[in-house]
Amino acid sequence: MSQVVQSRRVRAVDLARFKADGRKIIALTAYHAHTASILDRHCDVILVGDSLGMVMHGLESTLPVTLEMMILQAQAVMRGTTKALVVVDMPFGSYEASPEQAFHSAARVLKETGAGAIKLEGGAHFAETVAFLTRRGVPVMGHIGLTPQSVNTMGGFRVQGRAPGDEARLLEDARAISDAGAFAIVMEGIVEPVARAIAASGAVTAATIGIGASAQCDGQILVLEDMLGLSDRAPKFVKAFGSLRAHIEAAVEAYAEEVRSGRFPAEEHTYPPR
């Protein structure tokens, strides 16, 4: 079984070396110490995604997620890890107003969690913010294509790259935030030929990490609960590498049956007087 061999935590700057070496970047989301500790042996990057709003809290979108929610779960993930680079999503409303707002929010995240980087959504129009942050010592991962925080203006969770001019626009988004200093870019929900062209473009020096994009990206990321088969519904781009929902349901059903029948707890599950 392959796993990350690293004597120290992966750092944001290491992803450039992975890209140059042709080493695929392995990334997954996590929101808890116990799942993060499992991922830590195998992943280069663990993203504390604002997807926690939907995965953990049953929200319809990521928009209600707060900075405090992100910090709390990032602290948990940091406690469960020693090797992977932990990246924390900047939630909606915590960075859009100005580069200064973004810096104050990002500084709070890094100081209160100990994480190694932040991620923010948006393309060329956020290049100034990315540059402002990186000049002040904040490692930034970008996110282009299907950006869930823009679900209302996009008209839903829509695949990107099919309309005329989309390829040029998305390439410019990637190039702009890469030039601004982003060390990596998540490319989500982008049609394969367009994602492949961006990943292969010499104009984009940041590591590209696909999710519903192209195998030609420098790495891949999925939401952990989706790839474990825990989600009720998962996007088309998800491959279920496990079926934990069925296993958990079977275990809970067995537990309930044994409690009702009086078979649990048995003698070996109780404490004797001496």
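Listing for the model above:
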item	result
Subset of segment 35-49 that is outside any loop (DSSP other than H, G, I, E, B) and open to solvent by 10 Å² or more (accessible area, probe 1.4 Å) - its residue that is farthest from residue 110 (Cα to Cα)	38
Which listed residue is open to solvent by 20 Å² or more (accessible area, probe 1.4 Å) and touching a Ser or Thr at 6+ places or on another chain (Cβ under 6 Å), from 63, 67	67
Subset tally (residues that are part of a helix (DSSP H, G or I) and either exposed (fewer than 15 other Cβ atoms within 10 Å of the Cβ) or hydroxyl-bearing (Ser, Thr, Tyr) (or both)) for segment 245-274	19
Selection status of residue 26, part of a strand (DSSP E or B) and either open to solvent by less than 10 Å² (accessible area, probe 1.4 Å) or under 24 Å from residue 233 (Cβ atoms) (or both)	no
Segment 94-111: number of residues that are within 18 Å of the chain's Cα centre (by Cα) and not in a helix (DSSP H, G or I)	2
Residues of segment 172-193 satisfying the condition of being open to solvent by 10 Å² or more (accessible area, probe 1.4 Å) and within 14 Å of residue 216 (Cβ to Cβ)	191, 192, 193
Residue 126 vs. criteria touching a helix residue (DSSP H, G or I) at 6+ places or on another chain (Cβ under 7 Å), within 17 Å of residue 50 (Cβ to Cβ), of a type outside the set (Gly, Ala, Ser) and open to solvent by 10 Å² or more (accessible area, probe 1.4 Å)	yes
Top-ranked residue in segment 146-171 [being without any contact (Cβ under 8 Å) to a residue 12 or more places away in the chain and hydrophobic (A, V, I, L, M, F, W, C); ranked as most open to solvent (accessible area, probe 1.4 Å)]	168
Among the residues listed as 17, 11, 108, 79, the single one being charged (D, E, K, R), open to solvent by 70 Å² or more (accessible area, probe 1.4 Å) and either in contact with a Pro (Cβ under 9 Å, 6 or more places away or on another chain) or under 17 Å from residue 223 (Cβ atoms) (or both)	11
In segment 202-221, residue modelled with the highest pLDDT [restricted to those that are among the hydrophobic types (A, V, I, L, M, F, W, C) and open to solvent by 30 Å² or more (accessible area, probe 1.4 Å)]	215
Residues being more than 15 Å from residue 86 (Cα to Cα), in contact with a strand residue (DSSP E or B) (Cβ under 6 Å, 6 or more places away or on another chain) and open to solvent by less than 20 Å² (accessible area, probe 1.4 Å) - total across segment 129-143	3
Qualifying residue in segment 41-51 (condition: over 29 Å from residue 158 (Cα atoms) and at pLDDT 95 or above)	yes
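The values are calculated or read from the model by the stated rules, or taken from the named source; none is laboratory data. Bear in mind the structure is a predicted one, so any value in this text is a computation, not a measurement. Virtual Cβ from ideal backbone geometry, glycine too; neighbours counted across all protein chains shown. Note: accessible area is taken over every heavy atom of the protein model, side chains too, but ligands, DNA and RNA are not part of it. Shrake-Rupley method; radii C 1.70, N 1.55, O 1.52, S 1.80 Å.
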